[in-house]
Structures are given as structure tokens and as C-alpha cells.
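The values are calculated or read from the model by the stated rules, or taken from the named source; none is laboratory data. Just so you know, these numbers come straight off a predicted model, no measurement behind them. Cβ atoms come from the backbone with ideal geometry, glycine included; neighbour counts cover every protein chain shown. We work out accessible area using only protein heavy atoms, side chains counted, and drop any ligands, DNA or RNA first. Shrake-Rupley method; radii C 1.70, N 1.55, O 1.52, S 1.80 Å.
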Amino acid sequence: MIRAVAFDLDGTLIDSLQDLAAAANQMRSQLGLPALPAERVGSYVGDGAAVLVARTLQDNPAAQPDDSPQQATARAAFHQAYLTGLSQHTRCYPGIRALLDHLQQQGHPLALVTNKPLAFTTPLLHGLDLHRYFTLVLGGDSLPEKKPSALPLLHVAQALDCPPAQLLMVGDSRNDLLAARAASCPMLWVDWGYGDPADAAEASGVVSTAEEVGLWVGEQVGLDVL
Ligand SMILES: O=C(O)COP(=O)(O)O
Ligand SMILES: [Mg+2]
């Protein structure tokens, strides 16, 4: 039975790719580098802003944040560019508001567990009028560890007084999957995001529309009653 639901943000609730790519490319342009295709930037999303900056700066999926002056400059440039263009093109995926309304009406407490820093997450949620759905919002910098650590989901489970097995993680990436596994939460994979489709096979379920998320949750509740 599912009692509470924790949602990932980027690639799950919102299509933020164009604005993320624009900010990353503004940063690259300031450093004299050519623009990257948005899809490439999308493949670098999922481990927070500092990792996104390191990867897009070097155009390398294995790049890591460091203390170099170049990365510090790049982080500052990205931060300023992204804050300015945060919700220029960013929108909820189809059916997301109806899904959140539905789950709320069903009495499921909702949490947001993103690796996006709170400095971006909070204004985005308010700008898209999504903040009112969530009992709890955790950004990538809210706790000492972020996804794929179990910590954010265990924190949510405790705060909502919900056993991890009854807290569903809904997400689009391997980090969501690994975090859920580490916390012993079920994980529902959404196939419209930025993750590698090959990872979906390891999820508890896979959905292709927001409506299917509500149906999947409803089925789990029904199965438990039976
Ligand atoms: O900002 C990121 O790196 C990814 O954010 P997400 O955890 O909401 O997908
Ligand atoms: Mg995501």
C-alpha cells in the first residue's frame, strides 16, 4: 500500500531542459566555449547544479566539481544565468497538476525530493504554483547527502510518519532509483524525463503519462485492501 509520495522535480514534474541548457550555454559562452545541444545538457542533469556545471563546462559526463578558479567562475555564471531564466520556458509536463490534485484529494501526503539546490527549487515551485502541494520540500543542499543517498527519503518517511515501504518515489533517473532502493522505498519510473531508459527495468513500475501515476498508486492501495 502506498501512503505518501515523494516526487523528483527535473524531468518528472517539470520540463526544465531548455532553461537549464540556456543557462549552461550562457556560462560556456562567457568562458569562450561553443554551445552544447540541449539533449547533451539533459544527459548531464541529475546530480545537482555543481555537477551539471562541471560536466557542461568540460562536456564530459565524468567531470567532477573542484576548487579551480575556472569552475568557480563557471558556477557563478551558471547561477546568475539560471536564476534569471529559471522559468522562461520551464513548464509542468501534461497532466501533472491534475495528478497532484488527485493524489492530494486521495489524502496522500506529498513531498518533493530533488537534487536541485533550494536557491533554484523554491522560486521555481512558487513561480509554477506547485509549492502548495508539498508538505515537505528537500533540495539537493537541504541535507548532508542527496540522492542517490537514502537520506532524503528516510528523512521524508520520518517527517511524514510513514514506513519507507509505503513511501513511493516517483522519478526519471537512476539516482531516484538508487535512492529508493537504499531507503527500501518502491520506485515508479516516469519515461518522459532525462534518464536512461535502460534503468527503468529495475523500477517497481514504469509509466508513460501522469495519469498512469495516479492509476498505479490506486492499484497498490486496492491490492493491499484485497
Ligand atoms: O538538478 C538536478 O541535478 C536534478 O534535479 P532532480 O533531482 O529534480 O532531477
Ligand atoms: Mg529528475
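Give me a count of the residues in segment 44-67 that are surrounded by 15 or more Cβ atoms within 10 Å (Cβ to Cβ), among the small types (Gly, Ala, Ser) and on the phi < 0 side of the Ramachandran plot.
So the answer is 4.
Just checking, how many residues over segment 25-43 are at pLDDT 95 or above, crowded, with 18+ Cβ neighbours inside 10 Å and within 16 Å of ligand 2 (Cβ to nearest atom)?
Total satisfying the criteria: 1.
Using beta carbons and a limit of 8 Å, which pairs, at least six apart or on different chains, have the first residue in segment 133-152 and of a type in the set (Ser, Thr, Tyr) and the second one within 11 Å of ligand 1 (Cβ to nearest atom) and open to solvent by less than 20 Å² (accessible area, probe 1.4 Å)?
Ser142/Pro152; Ser149/Ala179
Going by the structure shown, is Leu83 within 25 Å of Phe7 (Cα to Cα) and either within 16 Å of ligand 2 (Cβ to nearest atom) or open to solvent by less than 40 Å² (accessible area, probe 1.4 Å) (or both)? Don't jump to the end; show me each part of the working.
Details: within 25 Å of Phe7 (Cα to Cα): yes; either within 16 Å of ligand 2 (Cβ to nearest atom) or open to solvent by less than 40 Å² (accessible area, probe 1.4 Å) (or both): no.
No, not satisfied.
Has segment 88-110 got at least one residue that is open to solvent by 20 Å² or more (accessible area, probe 1.4 Å), within 17 Å of Leu13 (Cβ to Cβ), out of contact with any Ser or Thr (no Cβ under 9 Å at 6 or more places or on another chain) and of a type in the set (A, V, I, L, M, F, W, C)?
yes
Of all residues in segment 140-157, how many are in contact with a helix residue (DSSP H, G or I) (Cβ under 9 Å, 6 or more places away or on another chain) and surrounded by fewer than 22 Cβ atoms within 10 Å (Cβ to Cβ)?
10
Starting from segment 31-43, keep only residues that are in contact (Cβ under 8 Å) with a residue 60 or more places away in the chain, then list their pairs with residues that are of a type in the set (A, V, I, L, M) and assigned to a helix (DSSP H, G or I) whose Cβ atoms are within a distance under 9 Å, requiring at least 6 positions of separation or different chains.
The qualifying pairs are Gly42/Leu17; Gly42/Leu20; Gly42/Ala21.
Please determine, by comparing only the residues of segment 1-45 that are assigned to a helix (DSSP H, G or I) and away from ligand 1 (no atom under 16 Å from the Cβ), which one is nearest to Met187 (Cα to Cα).
Restricting attention to segment 1-45, the residues satisfying the condition of being assigned to a helix (DSSP H, G or I) are 17-30, 38-43.
Checking the rest, the ones that are also away from ligand 1 (no atom under 16 Å from the Cβ) come to 25-26, 28-30.
Working: Asn25: 33, Gln26: 35, Arg28: 35, Ser29: 38, Gln30: 39 Å.
Only one residue fits best here, namely Asn25.
Considering only residues that are under 13 Å from the mean Cα position of the chain (by Cα) and among the charged types (D, E, K, R), look in segment 1-24 and name the one that is surrounded by the fewest Cβ atoms within 10 Å (Cβ to Cβ).
Step by step, filter segment 1-24, then rank; the result is Asp15.
Matching residues to (1) assigned by the TED database to the domain that holds Glu211; (2) of a type in the set (A, V, I, L, M); (3) touching a Gly at 6+ places or on another chain (Cβ under 9 Å):
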site	(1), (2), (3)
Ala74	no, yes, no
Gln106	yes, no, yes
His126	yes, no, no
Leu138	yes, yes, no
Pro144	yes, no, no
Ser149	yes, no, no
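Quick check: anything in segment 145-158 within 25 Å of Pro61 (Cβ to Cβ) and among the acidic types (Asp, Glu)?
For segment 145-158, residues within 25 Å of Pro61 (Cβ to Cβ) and among the acidic types (Asp, Glu): present.
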